[in-house]
Every structure is written in structure tokens, then in C-alpha cells.
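Each reported figure results from applying straightforward, stated rules to the coordinates on display, with no laboratory input. In this text the structure is predicted, and so the values were computed from the model without any measurement. A quick note on method: Cβ atoms are made from the backbone with ideal geometry, for glycine too, and the neighbour counts reach across all protein chains shown.
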Amino acid sequence: MLYGCVCFLVFQNKCMPTLFILAGATASGKTELALRFARKWNCEILSCDASAFYRGMDIGTAKPTSEEQRTVRHWGIDIAEPNEPFSIKDFVAYAQKCVSDITARGKNVLAVGGSGLYLKSFLSPVTDDVHPSATVREELAALEANGGIEVLRERLLQFDPRASKYVELKNPRNVQKALERCLTTELPLAEVLKNFQKQPTPYASLKKVTVCLYRPLEILKLRIRLRVHKMLQNGLIDEVRRLKEQGKLLPDMPASMAIGYRETLNFLQQPTPLEDLEKEIVNDTYGLVKKQLTWFRHQMAFDRCWYG
């Protein structure tokens, strides 16, 4: 039934190049569905998994296998080293090139993943052209070093007393980003947001179809447990150890914070029973899944939501 519904949407739009977006929580079964979908409907797959971008991070990210990548061309996999920064701006620029290449050859695009902001970038602007100077960044770094989030929050409210209407003041990263934009543009957040919303809609020339794959939480819990157990059996600890020894999993870099990798890095630093590591990764993965589902509910509107 699920696959039949997806095919119906494709049939409706098969006469023009289409950008399909398949969202779903970690362990929901997106990879299998995406491969079937892409083979049948002339798609190439663009991964929107923030951890799959990194080379060498294979087991813990559950990347499509080499055979699966041979049957359908994949983009967005192994495009950066784990110790290299790869921001949402980098992804947006990369995705634009991918979509242009794919559609120029008469194929459809299937963007697949669970990283909400990357998926949303196909539907609406998620970045802007505001580039904080080194001076601004150094000023904020000094403020944070001396007083933490409280000082940054105070500085933001001094600049824009109405900032709380537009940013979550308890979130350090949000406060920092808001303050960077205010100081760079010399505008209050209301004006910054207004300018942000004036940006053109991404991929306006393409037909878009959005699909979200849902599974009951109890099914997801079971799939997560099986997935994590298989990852550990397949050598996740050795993979993390090798990347660490190569200097590719650096503290505070996004790759080192990825679920499965951060827990295993801690395990290598302070060994615990393997069962405890497995349980920790399962629990953290389930926590991520709940955040993903919340994001999908509040940040994206789907043409279809199917429950598998």
C-alpha cells in the first residue's frame, strides 16, 4: 500500500522533472523504499543525512552499501572528511549543483533523509547572505568566554529588546547566531527575519512532491535496537578507533557529535561493559528520533504522510 501510494504521486507528475523529498526518522526504512522508488521512476538519490556526508563513517551511519550505490546513483555521501567543517550553507551549494546535474540529464531527484534542516532547504530558504566578520566573531567569543550564554543574551537584548519574540533565548547557539546577524547587519531581528523571508523559493522551476514515512514508536524502538546491535557486530568500535587514530574525529566537530560516534568515543576513553554502550546508543538514537518527528510535525508540510 505504501509503495502504491508513492507510485500514484509519481504517475501524476511523470511528464515533468520532479524533485521528490522522502523524509523519515532514523531506522524507519527510508533506504529500502528509496532504492525501489528510484529504480522504478528514473531518480538519482541525494542523501540528506548529515553524518553520511563524512568519509569513513560507514557503519555508524548505515550508509547504503556499495552494491546499493551501484544500482542507483547516490549523491551527498562521502563528500567531506570528518575533521572538515561542512555547514548547511555548504550543503545548499552542493545540492544546487547536484539537482542541476541530475535534471539536465532528464532524471528526477529523490532527496532522502532524516536531517530536517537539509530537507527543508529544498522547500524554503534556510541560509542567508549575512557573513559575520572575524571582528564580530572574536567579540562574541570573548563575551562568551567571560560570561557564557548569560552575557550573550544580555548583549542581544541590549541591541534588540524584542529579540525574545524571534529567538529561543535559552538556546546558546540560537542566541549566538541571532547576535551575529544583528551586529553584522545593524538591524533588529524583526528586520533580519523580514529580509530572510524575501529570498526566492529554492528550485522554483521544479515540481515538488513531499512524502514522510512514519512508523509506530514501538516498531521504531525495535528497529533501533536491531540496528545498533548489528552496527556493533559489524565493527563500529573498530571504525571509531581507526578514525580517532587518524585524527579525523576531533572534539567539538559535528562528526564527533554524531550518535553512535560520540558514545563510542567515550567508550574508548573510559571503557564500560559493551552492553552499556549498546544501551546508550539505543537510547540516544531514540531521543534523536523523537526530535526528528517533532521537527517534521512543526517545520515541514507534506503532500502525503504514510504509516508503515
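Results, tabulated for the structure shown:
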quantity	calculated
Beta bridges per DSSP with both ends in the chain, % antiparallel, nearest 5	0 percent
Helix-only mean residue ellipticity at 222 nm for the chain, each DSSP H run of n ≥ 4 adding -39500 (n - 2.57), per residue, nearest 500	-17000 deg cm²/dmol
Label point at GLN199 placed 7 Å out along Cα→Cβ; residues across region 56-92 whose backbone nitrogen lies under 18 Å	86-92
Chain lengthening between ASP303 and SER87 when straightened (0.36 nm per residue, less Cα-Cα)	75.0 nm
Structure-derived Rg and Dmax of the Cα atoms in Å: which label, when the choices are (1) 20.8, 59; (2) 18.8, 61; (3) 20.1, 63	(1)
Local electrostatic count at LYS63 - Lys and Arg +1, Asp and Glu -1, tallied over other residues with Cβ under 10 Å	-4
Computed magnitude of the charge dipole of region 134-197 (debye, nearest 20; Cβ of K, R +1, Cβ of D, E -1)	280 debye
The chain - charge dipole about Cα centre, Lys and Arg +1 at Cβ, Asp and Glu -1, debye rounded to 20	1380 debye
